[in-house]
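Note sheet for the following structure.
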Amino acid sequence: MSSMTLSPDTYVARPRVVRPRPASDAVRPAARPAPRAVVRPEPRAEVVLTRRGRFVVFVAALLLVLGAALFLGATSVATNDAGTDQPTEAVMVGEGDTLWAIASDLAPDGEVREMVATIKELNALDSAMLVAGQTLYVPVSD
């Protein structure tokens, strides 16, 4: 392996070329009209992140989201007191029964929608679809 070093003795600078300037009183040829200046918007500075920079931004955003979740989720809506038990009875779903029909048999006049919502909540139903033979817990009607 070889190495090369430069010393002041081995470095040769190129001579600088000086061109004479024309005299100001010299006659110049007729000049063409100057070209119009083109106004160009300044180029926007772009931020280029390295792989490490993208990772740092990702981790910072993740910490910000987790911090917000901990800060906003610190309060609990639940209480230590148990809720009141609602008296219910079991009803077997028959062939052709609908949740609306079962709720209309149990609900007082004009409150069928509220009874459907109550039955869905008691049985943790996502939809009103029922299957024949399914057991539903419904509030005891007075």
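Counting other C-beta atoms within 10 Å, which of T84, T118, T50 has the fewest, and how do the rest follow?
Ordered from fewest to most neighbouring Cβ atoms within 10 Å, T84, T118, T50 come out as T84, T50, T118.
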How big is D, in µm² s⁻¹, for segment 88-139 by Stokes-Einstein at 37 °C and 0.692 mPa s if Rh is the Kirkwood radius over C-alpha pairs? 302
What one gets for segment 40-132 as the Kirkwood radius, inverse of mean 1/r over different Cα pairs in Å, is 19.4
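Bear in mind these aren't lab numbers, they're just calculated from the coordinates by the rules spelled out. No experiment lies behind these values; they were computed from the predicted model shown. FYI the Cβ positions are ideal-geometry reconstructions off the backbone, even for glycines, and counts take in every protein chain you see.
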